[in-house]
Every structure is written in structure tokens, then in C-alpha cells.
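Structure first, then comments.
What follows is calculated from the coordinates using simple rules that are stated; it is not laboratory data. The structure displayed is predicted, hence computed values, not measured ones. Here the Cβ positions follow ideal geometry from the backbone for every residue, glycine too, while neighbour counts run over all protein chains shown.
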Amino acid sequence: MQNDAVPRKCSASNRIIGAKDHASIQMNVAEADKVTGRFNGQFKTYAICGAIRRMGESDDSILRLAKANSIVSKKF
């Protein structure tokens, strides 16, 4: 039987996240309505590899990705 699993890629660096990368994370960031500020039922998924987390760059990477997807304002 063949395993058809597709490996994840880091959203910040495009590195493949291996099965043994136990330091990696995947998080869903909720999208909010621009007027009311309420959750609209959609979210963006970001995967960050362990190497980015070890360098301490995960918070900057997530903020950069959220700005690029217009989840956070560009002025933040």
C-alpha cells in the first residue's frame, strides 16, 4: 500500500516540514469582517518550520504573512 501523504511546506521559508520536525507548528488565523470585527467563518492557515522557530523569527514571519493576506493592517 502506498502512502499518499503530502508533506507540509513552511509558509515563511517554503521549506518542506518533515514528519520528524516536532518543533514545527500549524495555526489557523481567523478572518474578521472589516466593518463589525466579527469572525466571518473563514481563516488562513500558516505552517512554520522548527528552524524558523529556533531562530526566533516565527512571530515576525506570522505578522508578515498576515499583513500580506490583509488580516492585519499594513500600518501595524
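Structure notes:
- The Kirkwood hydrodynamic radius of segment 9-68, based on inverse pair distances between different Cα atoms, is 12.4 Å.
- Checked against a 25 Å cut-off, the cross-linked pairs K9/K34; K9/K67; K9/K44; K20/K74 give Cα-Cα distances beyond that limit for K9/K34; K20/K74.
- Ranked F76, F39, criterion: other C-beta atoms within 10 Å, fewest first: F76, F39
- Full-extension gain in nm, A51 to F76, via 0.36 nm per residue minus C-alpha separation: 6.4 nm
- DSSP-loop trypsin sites (Lys or Arg not before Pro) across segment 19-76, with at most 13 other Cβ within 10 angstrom: K20, K34, R38, K74, K75
- C-alpha long axis of helix 58-68 to longest principal axis of the chain, angle in °: 50 degrees
- 5 angstrom amide H check on R15, placed H, neighbours 5+ away: C10
- Stretching the chain fully between R64 and K20 yields a gain of 13.2 nm (0.36 nm per residue, less the alpha carbon separation).
- Most mobile listed residue (A12, A47, A30) in the chain, GNM with C-alpha springs under 10 Å: A30
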